[in-house]
Amino acid sequence: MALWDRIKDSAQTMQTQLVAKKNELKSGAFRDASMAMCALVAAADGHVDPSERQRVAQLIATNEVLQNFDAEDLRRRFDAYLDKLTADFDFGKVGLMQEIGKVKKKPVEARAVIQIGIVIGGADGDFDKTEQAVVREVCYALDIPPAEFDL
């Protein structure tokens, strides 16, 4: 199977798993951690392309799980997190990792945040090494083995 097909299948599987847990994913901590994860993946290579913003906007608009939240609120949070990363990537990343860490004690939410990172990373068909590294780092921060997600 070609790498592109594996990425696409993996993202589809993650999305299916997220939808199955939709009713458990309504907390503010999950909302914030999800948008922090999206910002980290979008900025993983050190800059944010308009296409990356568009992918997140599309995810916010179409993802069943994220429809638990107000789309405009999600966009504002995502933009605020991106602003932190563009102002000072290393310092911003520390803050975003702390935000993500708030779901650590809720395994369903923690795994869902990782799955959202994989969905966003694979949305363009190229879940590249820098995006994978960010998602892997989040796995470690949440005490979830990256191998669980083939990372």
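The values are calculated or read from the model by the stated rules, or taken from the named source; none is laboratory data. Small disclaimer: the values here were computed from a predicted structure and weren't measured. Glycine gets a Cβ as well: all are built from the backbone with ideal geometry, and neighbour counts include every protein chain shown. Accessible surface areas use protein heavy atoms only, side chains included; no ligands, DNA or RNA. Shrake-Rupley method; radii C 1.70, N 1.55, O 1.52, S 1.80 Å.
How much of the accessible area of region 64-151, probe 1.4 Å, is carbon plus sulfur, in whole percent? Intermediate values should be presented prior to the final figure.
Working: 2240 of 4380 Å².
Here carbon and sulfur together make up 51 percent of the probe-accessible area.
Just need the relative contact order of region 51-130 here, percent rounded to a whole number, with Cα pairs under 8 Å and 6+ apart.
Relative contact order for region 51-130 comes out at 23 percent.
Could you provide, to the nearest whole Å², the per residue accessible area of region 38-151 with probe 1.4 Å?
48
Determine the shape class of region 61-151: with a ≥ b ≥ c the square roots of the Cα gyration tensor eigenvalues, call it rounded for a/c under 1.5, and otherwise prolate if a/b is greater than b/c, oblate otherwise.
Working: a/c = 1.26, a/b = 1.12, b/c = 1.13.
Cα axes put region 61-151 in the rounded bin.
When only DSSP loop residues count, what GluC sites (Glu not before Pro) in region 57-151 have their Cβ near at most 14 other Cβ atoms within 10 Å?
Glu64
As an exercise, use a Förster radius of 25 Å and the Cβ-Cβ distance of Gln67 and Val94 to find the FRET efficiency, rounded to the nearest 0.05.
Numbers: r = 30 Å, r/R0 = 1.20.
Working from the Cβ atoms, E equals 0.25.
Subtract the Cα-Cα distance of Thr130 and Ser27 from 0.36 nm times their separation in residues, and report this length gain in nm to one decimal. It would help to have the intermediate numbers written out before the result.
Details: separation 103, 0.36 × 103 = 37.08 nm, distance 2.84 nm.
Stretched out fully, the Thr130 to Ser27 stretch lengthens by 34.2 nm.
R0 = 25 Å: FRET efficiency of Val48 with Ala141, Cβ-based, nearest 0.05? The partial results should precede the final answer.
On the way: r = 21 Å, r/R0 = 0.85.
E between Val48 and Ala141, to the nearest 0.05, is 0.70.
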